[in-house]
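Have a look at the structure below before the remarks.
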């Protein structure tokens, strides 16, 4: 598992230009997926704990790297590296876009995906 994550990380670093502008943001670092939300259409969805190995790594060079698919939802695209735009509080892989909120007080990152009904994932610091 760790080897897969490291391989994806190294690949992303190699494909990212050294001339990219660094970003300074509280999200930089690794985040572990701990809860999911998926609404069946009644508007009553709540987050539930998950047993997941998924991680997101926000880099200082404007990429988000995952050890699984980085984006899900209506415009799902297979891939583990997305472009991150801190000023828009979102990241995207082709047409698959996600937005996020960070609660600094409790250290929880919530990623919202484009779905017909509400769908999101919660993350906590992995490092």
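The values are calculated or read from the model by the stated rules, or taken from the named source; none is laboratory data. Remember, it's a predicted structure, so these values are computed and weren't measured experimentally. Cβ placement follows ideal geometry from the backbone for every residue including glycine, while neighbour counts extend to all protein chains displayed.
Scanning the range 86-103 turns up no residue that is over 13 Å from residue 31 (Cβ atoms), crowded, with 20+ Cβ neighbours inside 10 Å, touching a residue at least 60 places away in the same chain (Cβ under 8 Å) and touching a strand residue (DSSP E or B) at 6+ places or on another chain (Cβ under 6 Å). Applying the set (1) over 29 Å from residue 117 (Cβ atoms); (2) modelled with pLDDT of 85 or more to residue 27 leaves exactly one unmet item: (1). Taking the range 39-52 as the range and being in contact with a strand residue (DSSP E or B) (Cβ under 8 Å, 6 or more places away or on another chain) and either buried (at least 16 other Cβ atoms within 10 Å of the Cβ) or within 21 Å of residue 124 (Cβ to Cβ) (or both) as the test, the residues that pass are 45, 46, 47, 48, 49, 50, 52. Considered as a group, the residues in the range 63-73 that are in contact with a strand residue (DSSP E or B) (Cβ under 8 Å, 6 or more places away or on another chain), within 17 Å of residue 95 (Cα to Cα) and in a loop (DSSP other than H, G, I, E, B) include one that is modelled with the lowest pLDDT, and that residue is 73. Look through 55, 63, 59 and report the one residue that is touching a residue at least 60 places away in the same chain (Cβ under 8 Å) and surrounded by 16 or more Cβ atoms within 10 Å (Cβ to Cβ). Testing whether each residue is touching a residue at least 60 places away in the same chain (Cβ under 8 Å) and surrounded by 16 or more Cβ atoms within 10 Å (Cβ to Cβ) leaves just 55. Answer with yes or no whether residue 76 is closer than 16 Å to residue 127 by Cα, modelled with pLDDT under 80, over 11 Å from the mean Cα position of the chain (by Cα) and surrounded by 12 or more Cβ atoms within 10 Å (Cβ to Cβ). Spelling it out, it is not the case that residue 76 is closer than 16 Å to residue 127 by Cα, modelled with pLDDT under 80, over 11 Å from the mean Cα position of the chain (by Cα) and surrounded by 12 or more Cβ atoms within 10 Å (Cβ to Cβ). Out of 83, 99, one residue alone is under 10 Å from the mean Cα position of the chain (by Cα), part of a strand (DSSP E or B) and farther than 15 Å from residue 47 by Cβ. It is 99. Looking only at the range 35-62, which residues are touching a helix residue (DSSP H, G or I) at 6+ places or on another chain (Cβ under 8 Å) and part of a strand (DSSP E or B)? Of everything in the range 35-62, those that are touching a helix residue (DSSP H, G or I) at 6+ places or on another chain (Cβ under 8 Å) and part of a strand (DSSP E or B) turn out to be 55, 57.
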